[in-house]
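**Student:** Structure below; questions to follow.
Rule-based calculations on the coordinates, nothing more; no lab input. Note that the coordinates shown come from a computational prediction; the quantities given were computed from them, not determined experimentally.
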Amino acid sequence: MKEGKEERNKRKIIFLSTHVTPWDRAQRIKEVKEMLERKENFILVTTQVVEAGVDVSFPIVYRDFGPLDSVIQASGRCNRNGELGELGGKVTVVKVKREDRQRSDFSLVYGNVTEEVAEKVLSKYMITTSKKGNQIEEKDFRSLLEMYYEELEITRDLPNQFTKWKDWIKLLDYDEVNFSLIQEEPKYSILVLENSEAESRLKQLRDALGLEGYKRRAEVKRARALVEEFTVKVWEKPELDFDKRLELYIAPKEKYDKLTGYRVKDVDESLIW
């Protein structure tokens, strides 16, 4: 029997992203796992935060078009444990493009070149393998990824770039080297005072910083770890009070939405609801 609109609207929606504090994320992930065990019908809306380190499995997954390795990683949250048997699950990839922008979200985040490579490889793969209906099975992932990485290497001219890097390093011309093995992360840390527990932990940290003697270091380390559970990181410099001693921006609970997390702007735009 097909599900009606009224029934779909009654589904619970759970949201996960790095703008949600680790404290709330842990509770939501626990809730998600419990609901899955009870086989409840709900929707999980999430960013890439769920693609690594979160062991959950759904019968149906929708993902914005992106780098093919990331898309495949997201598909690992569909029928993750083979619980659906031979029928398996279904992952649908869609391209998100906001009405007020000319470029897709894919190109805005990863660049036009990466998007063009992904589209080219997908098109080429479907033709060379005679795939029908734009459907790719899990057994095809490895060969698809190999083709994708080969195309990226050619497009970005990686062998030639590597030769240049070696020459620059030999000449100690480090200003020309633009290379990183570690992906850059958001650099502004914000402590969100979303509840009394967060306020209590902030007080513990400030008290620890006021200590003297050999116990100070251990107490500060412990207090900072507790504060991290209410800390989020953002790319843009926030318009908030900055505590130099704590090296943290402090956000009042009014800047935190219980559903979507820390509000970068007074009014967040939304693609989902």
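**Student:** Note the full-extension length gain between residue 33 and residue 55 as 0.36 nm times their separation in residues minus their Cα-Cα distance, in nm to one decimal. Mind dumping the intermediate values first?
**Tutor:** Values: separation 22, 0.36 × 22 = 7.92 nm, distance 0.85 nm.
Length gained, residue 33 through residue 55: 7.1 nm.
**Student:** Starting from the amide H of residue 188, placed 1.01 Å from N in the peptide plane, find each other amide H under 5 Å away whose residue is 5 or more places distant or on another chain.
**Tutor:** Hits under the 5 Å cutoff: 234.
**Student:** Okay, next question. Please list the non-local residues whose amide H lies under 5 Å from the amide H of residue 262, H modeled 1.01 Å from N, same-chain partners needing a gap of 5 or more.
**Tutor:** The answer is 20, 21, 257.
**Student:** Same structure again: Can you tell me the length gained on complete extension of the stretch residue 116 to residue 62, counting 0.36 nm per residue apart and subtracting the Cα distance?
**Tutor:** Values: separation 54, 0.36 × 54 = 19.44 nm, distance 2.08 nm.
Taking 0.36 nm per residue and subtracting the Cα distance, the gain is 17.4 nm.
**Student:** Could you tell me the relative contact order of region 1-154? Use alpha-carbon pairs under 8 Å, at least six residues apart, and round to a whole percent.
**Tutor:** Values: 146 pairs, mean separation 25.8, N = 154.
Rounded, it is 17 percent for region 1-154.
**Student:** Given a cut-off of 19 Å, name the pairs among 97/124; 233/253; 187/215; 95/187; 12/255 whose C-alpha atoms lie farther apart than that in the structure shown.
**Tutor:** Working: 97/124 23 Å; 233/253 16 Å; 187/215 29 Å; 95/187 28 Å; 12/255 24 Å.
Pairs exceeding 19 Å: 97/124; 187/215; 95/187; 12/255.
**Student:** Using only the alpha carbons of region 188-244, what is the convex hull's orientation-averaged projected area in square nanometres?
**Tutor:** Over every viewing direction, the Cα hull of region 188-244 projects on average to 4.2 nm².
**Student:** Could you give each residue of region 143-151 its phi-based ³J(HN,Hα) in whole Hz, using Karplus coefficients 6.51, -1.76, 1.60 with θ = phi - 60°, and x for Gly or Pro?
**Tutor:** 5, 5, 5, 4, 5, 5, 5, 5, 5
**Student:** Using amide H atoms built 1.01 Å from N in the peptide plane, name the residues 5+ places from residue 46, or on other chains, whose amide H lies under 5 Å from its own.
**Tutor:** The answer is 16.
**Student:** If you don't mind, another one. Per residue, what volume in Å³ does the Cα convex hull of region 9-117 take up? Could you put the intermediate results ahead of the total?
**Tutor:** Values: hull volume 14.4 nm³, N = 109.
Once divided by residue count, the hull of region 9-117 is 132 Å³.
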